[in-house]
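The values are calculated or read from the model by the stated rules, or taken from the named source; none is laboratory data. Owing to the predicted nature of the structure, the values given are computational and were not obtained by experimental measurement. Cβ sites come from the backbone with ideal geometry, for glycine too, and all protein chains shown count toward neighbours.
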Amino acid sequence: MSHYHLKHTNMPKPTVKISIIYILALLLNLLLGGCSSSETYKYKIGVSQCVGGLWREKANTEMLSAQHLYDTDVKVSIANANNSTPLQRKQIDSLLNAGVDLLIISPNEYNALSPCVERAYRMGVPVILFDRKTSSQHYTAFIGGNNIEAGRAMGQYAVNLCKDSLHIAGRKPSVLEITGRLVMSPDRERYIGFSDVLAKHPDINFHHVETNWSEQQSYNVTKQWLKAGKPLDVVYCQNDNATFGAYKAAREMKKEKQIRFLGTDALPGEGIEAIQQGKLDASYIYPTHGEEVIELAIKILEHKPYKRENILQGYVVTPGNVEDIALNSHALMKQNKYLITIQNKLENYLGLYHAQRTVIFVAIVVAILLLMAVLLAWRSIVAIRRANRRMKEMSKEQTRFYTNASHQLRTPLTLIDGPLRKLSESNSIKESDRQLLDIALRNAHQLATQISDVLHFQQEMHRMQADNVAADKATEISRKAVQDGQRALVLRERGTELATVLVVDDNEDMRHYVRSLLIDQYYVLEAPDGKSGLKLAQESLPDLILTDVMMPVMNGLTFCARIKSDPLTSHIPVILLTARSSENQLAEGLNKGADAYLTKPFNANVLLAQIESLLSNRRKLKLAYGNTTDTDYTHKDSEEEERLSPPDMQFMNALRQSVKKNMGNAQLKMDDLGADMGISRVQLYRKVKALTGLSPVELLRQMRLQKAYNLLLRTDHTVAEVAYEVGFGTPGYFSSCFKKQFGKYPTEIRNHNDTEEDTDNLAQ
């Protein structure tokens, strides 16, 4: 047996240095993170333990301690299922519903917990299997000991005992393995490892009894075995508690000295002390290493490289190495208890400190922001004053010019008009000459009127230029909004804009194939999953989306529903591509808001035709809105909005109500209109442009002119009154815009209307 001791005593041993690092990291993290809220964490990690016990408690303590080792805020929440599979399912559902960023599961049963793992996979939540596995392969990583190797190590130790230490005459050595339920992966794998070793030694009688890992059942099995008079030399149980039950039964039968007892776990205070006391001949340290579990979780959350399969090293504890191991294990457990105590006290003592530090931090930030605001306000005031002075100077120069021009022109006219009137009043003028004088007087008067009109027109042009500058600025803001959205505009050779198609599929080859079909006719964007596709759709606002249904992180149905429920993207047509072809699956896709549904394998020509059909409908809608010569705008609204989806129709109704409410505000800005609707200026520009083909400034001007057209037809308001009522700053700019849209000046519409009324009155 001595050679076996030497073989295993060179295994790595725990050290107390790790605990010192824990404490220092905890103190540093708590002190540096004092200004952060104790209820706000960057990462929330949920842990579902299948059962309790000292081994699980040790692992839990290590995980709770490790959460403070990182610069980022990490919160670990642990649930214990107490060996109940239904309870563990409910606990996992609760953790997922609470919005954990990562899930650590130690399954109670191999098959029963697979649906929970699958649900987490569909939700895009990473899953780490700890200690035990499930039948599902959709887990992110596994970390735990090698249970098969643990069984083999204890099986070899049992063989060595039978051959080196037991002296039995007249019969074969008898070895009994008391296992847990073999439906659980640790039980099954330890049994496989142990039985494989014993099977290679036909000179040893090997027996196996299945229990539930409890001390009581192991006691019952051992006592019944001994009462029946069956030979028994070595008992191996799959945890130390079960081994204690077997030992108790043998002691009651006065046979504890004749039997060697082997266990698993070798925990401080249980298995290790039992070996020291001679109750157990050996036990296998099955590692917990909760700190390594949390380290793996952080790597996954921060998208750092990690291994999918992580096997923790274990080793056999024997009477030959137990003293060294006990010393280190007890020191480590003591340090862990100290760590938890320090953690709890620091959290309590620093609560007030956190609050005070937060208040100070907020006060400093507010003071800095106020100072910046004062500086910006001062610079703005200086710039405005400088601009106002320049504007006043320019206004004075223009006034002087107009005054001088008026004087220079009107003075000669006065000298012409005066003498002519004097001559016309003379009685000595012939009638034929008087007629010539009247012609000259009329033309002089007409010339004076035209000079007045020219001067007035120059003044109006000056005001129109100011309005145009404001309009150009608004247009530039809209243009900048497109640039801010980083949407690339690709033009055909004939100068028309290419429609943008977003392809969302986790299969890179499929994305490449679809891109090859579309690249000649469309500008193509790509995304590997629904989550990144949603972000790209919100940023680029494509004309059409083509998405697969079965995808990781976020599937196509969820992605489609998110696209259609977002007011910013609800107008975008969505085509679902999938291998699922049943009628129920088709109905499910259409219920999520999809505009079309194609099954794989699909015909390329059918796909292209479907895309062109959907885009054609969008172009017709934009063309209808962009028809600036249509004077029946209300009818056009109702007609075209019948083609809109409910979210888009709701958006246009809200926009129309907001415009009506602010129609008379000549100072209305797009920021104000967006704020009234609860969206940003950039979002407003993108949405309106996508639905109507017009910028918000153009659409607002169009709605104002349509309102003015109706007022000119149905009221007796003057042109100037109508202009101010619909939000134009000057009648001159209003007349110019009106002529550009309808091909007639407002006075023509008013005169025509008055003529019709006079005709009706005469007829009466």
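What to note about this one:
- There is at least one residue in the range 616-626 that is surrounded by 14 or more Cβ atoms within 10 Å (Cβ to Cβ), in a loop (DSSP other than H, G, I, E, B) and modelled with pLDDT under 60.
Each row is one residue, and each column tells you yes or no for (1) under 27 Å from Thr140 (Cβ atoms); (2) of a type in the set (Asp, Glu); (3) touching a residue at least 40 places away in the same chain (Cβ under 8 Å).
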| position | (1), (2), (3) |
| --- | --- |
| Leu502 | no, no, yes |
| Tyr522 | no, no, yes |
| Lys535 | yes, no, no |
| Pro542 | no, no, yes |
| Val574 | no, no, no |
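- A search for C-beta distances below 8 Å between a residue of the range 670-683 that is closer than 18 Å to Asp566 by Cα and assigned by TED's automatic domain parsing to the domain that holds Ser658 and any residue that is aliphatic (A, V, I, L, M) and assigned to a helix (DSSP H, G or I), counting only pairs 6+ apart in sequence or on different chains, returns Gly674/Leu684; Met677/Ala654; Met677/Leu655; Met677/Leu684; Arg681/Ile477; Arg681/Ala481; Arg681/Met670; Val682/Ala481.
- Checked across the range 328-345, the condition of being out of contact with any strand residue (DSSP E or B) (no Cβ under 7 Å at 6 or more places or on another chain), in a helix (DSSP H, G or I), modelled with pLDDT of 90 or more and assigned by TED's automatic domain parsing to the domain that holds Gly53 holds for no residue.
- Residue check, Leu491 at pLDDT below 90, surrounded by fewer than 22 Cβ atoms within 10 Å (Cβ to Cβ), outside the structural domain of Val682 (by TED's automatic domain parsing) and under 27 Å from Ile679 (Cα atoms): no
- Matching residues in the range 299-327 - criterion: being over 18 Å from Glu149 (Cβ atoms) and in contact with a strand residue (DSSP E or B) (Cβ under 7 Å, 6 or more places away or on another chain): Ile300, Leu301, Tyr306, Arg308, Ile325
- Search result, residues across the range 519-539 that are surrounded by fewer than 20 Cβ atoms within 10 Å (Cβ to Cβ) and over 16 Å from the mean Cα position of the chain (by Cα): Ile519, Asp520, Gln521, Glu526
- Residue match in the range 221-234 (condition: of a type in the set (Ser, Thr, Tyr), touching an Asp or Glu at 6+ places or on another chain (Cβ under 8 Å) and modelled with pLDDT of 90 or more): no
- Candidate set: the range 225-256, residues that are within 60 Å of the chain's Cα centre (by Cα), in a helix (DSSP H, G or I) and not hydrophobic (A, V, I, L, M, F, W, C); chosen: the one nearest to Tyr284 (Cα to Cα): Asp240
- Answer residue from the range 69-81, given it is under 26 Å from the mean Cα position of the chain (by Cα) and not charged (D, E, K, R) and is modelled with the lowest pLDDT among those: Thr72
- Selection status of Val76, outside any helix (DSSP H, G or I) and either in the same structural domain as Phe559 (by TED's automatic domain parsing) or out of contact with any helix residue (DSSP H, G or I) (no Cβ under 6 Å at 6 or more places or on another chain) (or both): no
- When Arg515 is tested against (1) within 15 Å of Leu576 (Cβ to Cβ); (2) surrounded by fewer than 17 Cβ atoms within 10 Å (Cβ to Cβ); (3) modelled with pLDDT of 90 or more, only condition (1) is not met.
- Taken over the range 687-745, the criterion of being surrounded by 21 or more Cβ atoms within 10 Å (Cβ to Cβ), of a type in the set (Ser, Thr, Tyr) and assigned to a loop (DSSP other than H, G, I, E, B) is satisfied by Ser695 alone.
- Candidate set: the range 117-146, residues that are assigned to a helix (DSSP H, G or I) and without any contact (Cβ under 8 Å) to a residue 60 or more places away in the chain; chosen: the one nearest to Trp55 (Cα to Cα): Val117
- Selection count where residues are modelled with pLDDT of 90 or more and within 12 Å of Ser48 (Cα to Cα), scope the range 82-99: 10
- Check on Asn310, in a helix (DSSP H, G or I) and of a type in the set (S, T, N, Q): no
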